[in-house]
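A.B. asks: After the structure tokens below, expect a handful of questions from me.
The values are calculated or read from the model by the stated rules, or taken from the named source; none is laboratory data. Everything numeric in this text was worked out from a predicted model, so none of it was measured. Neighbour counts are summed over all protein chains in view; Cβ atoms, including those assigned to glycine, are modelled from backbone coordinates with ideal geometry.
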Amino acid sequence: MNTPSTVTGASAQITRDWADQIPCLGIYKPRQLLKRCGPLLIGIALDRDSSNDKYRPTFHVHCLCIKKGYLTLSLLRYPDEILNTLPRYIHMRDHANQYREVASAMAAHSPLPLSRNLTLVEVLEAYDEYLETPGGIFAALSHYHEMILLAAVFGESDIATSILNRCLAQVAHSKFRFFGGREEFVSLMISQIEAPSAIHEIVEHEASTLKVDCLPQSALHLS
């Protein structure tokens, strides 16, 4: 059977092909492969471009510590190790010949290992590395927010407070308007750092809302 010429027309096949190559991830939605690692969802999105004749694989995470009810894309990365050797976009005409190599490279060079348990230290280091990129600088507040809550959910109040202080030193005052202002953000973070059990409840509520029980799971350990 010929592969459809558009990404939307071939979504089911593209998704199955990638899932076969990276079995540690499950199919969450068309062109969306994920696994759950404690309070994080980790995976690869296969996003079509506006022409609908090619797609772009991108690593990302979603933090379950924040009440949202929908999937967000943090740590958006295409591994630096393969930027200069493999195509950033896969055209539909080349899918059958290219997806295996690109999928294998994406899994091998993922910013966070996909096939094993992770530690909080590894996760926070990945966030720190992302904060040095243009995307991380642009979205610094949202990533610091997630880092604070990931440390707090483990009861690591000193680490969470240290990250909060870094956030306040690095992020412009105007960026806090989504939270009602800088002081309001600080107050919210302190209250959450002091109540890790409440963050646990948010994690499980978000997991239920997003219906991620069907996904492969691994653990996120403190160390």
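A.B. asks: Considering only segment 37-44, I want to know if a residue exists there that is touching an Asp or Glu at 6+ places or on another chain (Cβ under 8 Å) and crowded, with 21+ Cβ neighbours inside 10 Å.
C.D. replies: Looking through segment 37-44, none of the residues is touching an Asp or Glu at 6+ places or on another chain (Cβ under 8 Å) and crowded, with 21+ Cβ neighbours inside 10 Å.
A.B. asks: Do we find that Glu156 is more than 16 Å from the chain's Cα centre (by Cα), in contact (Cβ under 8 Å) with a residue 24 or more places away in the chain and under 21 Å from His200 (Cβ atoms) in this structure?
C.D. replies: Yes, satisfied.
A.B. asks: Can you name every one of the helices (runs of 4 or more DSSP H) wholly within segment 82-144 that holds 2 or more residues which are free of Cβ contacts under 8 Å to residues at least 24 places away in the same chain and of a type outside the set (D, E, K, R)?
C.D. replies: Helices (runs of 4 or more DSSP H) meeting the threshold: 95-108, 134-138.
A.B. asks: Now a separate question. So which of Leu188, Leu164, Leu149 is in contact (Cβ under 8 Å) with a residue 24 or more places away in the chain, assigned to a helix (DSSP H, G or I) and over 16 Å from the mean Cα position of the chain (by Cα)?
C.D. replies: Leu164
For every residue, the table says whether it meets (1) over 24 Å from Ser223 (Cα atoms); (2) at pLDDT 95 or above; (3) crowded, with 21+ Cβ neighbours inside 10 Å.
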{"position": "Gly135", "(1), (2), (3)": "yes, no, no"}
{"position": "Ala139", "(1), (2), (3)": "yes, yes, no"}
{"position": "His145", "(1), (2), (3)": "no, yes, yes"}
{"position": "Ser162", "(1), (2), (3)": "no, yes, no"}
{"position": "Gln170", "(1), (2), (3)": "yes, yes, no"}
{"position": "Gly181", "(1), (2), (3)": "yes, yes, no"}
{"position": "Ser187", "(1), (2), (3)": "yes, yes, no"}
{"position": "Ile190", "(1), (2), (3)": "no, yes, no"}
